[in-house]
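Here is the structure we will look at, set down as structure tokens.
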Amino acid sequence: MNKTQKNIAGIVALIAFAGIVVAALIIGNRDDTPETTPDPVAICPIENGVVTYDGQENKTAFDILKSLCEVKSSSSDFGEFVTSIDGITADDSNYWAFFVNDEYANVGASSYKTKEGDVIRWQLETIVY
């Protein structure tokens, strides 16, 4: 075998070795978790600026709201204060009020554990000075 043939054989061996290394890396990094279909995007149940949904056993009203709508909030000593629902933002003259079964809630939504049969409603209320 002359020098040129040795060089060609060396290059072929190097390429083959590189191919084996790449294949091993690909197989080693393969994700064996089963493919899943993502959950469908929830549609916020908002109509004419009012959000209404059913309670779910042992879930807070705030957690259910977040699972259904795009929500922005700020933390306070009383829990989460909702500032925006699905792009509708409260301003200096109004706030998002929280109702349970048509009664103004006496606790914050992040504290209220809903029950089956509860009807939760959020609507913008005017701040009265």
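What follows is calculated from the coordinates using simple rules that are stated; it is not laboratory data. Remember, it's a predicted structure, so these values are computed and weren't measured experimentally. Cβ: placed from backbone, ideal geometry, glycine included. Neighbour counts: every protein chain shown.
Here is how the numbers come out for the structure above:
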item: Footprinting exposure proxy for 129, 104, 95 (fewest neighbouring C-beta atoms within 10 Å first); result: 129, 104, 95
item: Projected area averaged over orientations for segment 46-126, convex hull of C-alpha atoms, nm²; result: 5.0 nm²
item: Debye, to nearest 20: dipole size of segment 46-126, +1 on Lys, Arg Cβ, -1 on Asp, Glu Cβ; result: 180 debye
item: Virtual spin-label span in nm between residue 70 and residue 128, 7 Å along Cα→Cβ; result: 3.3 nm
item: 3J(HN,Hα) from dihedral phi, segment 117-128, Karplus parametrisation 6.51/-1.76/1.60, rounded to Hz, x for glycine, proline; result: x, 5, 10, 9, 9, 10, 8, 6, 10, 7, 6, 9
item: Whole-Hz ³J(HN,Hα) from phi, Karplus 6.51 cos²θ - 1.76 cosθ + 1.60, for segment 77-89, glycine and proline x; result: 5, 9, x, 7, 9, 6, 10, 7, 10, 6, x, 9, 9
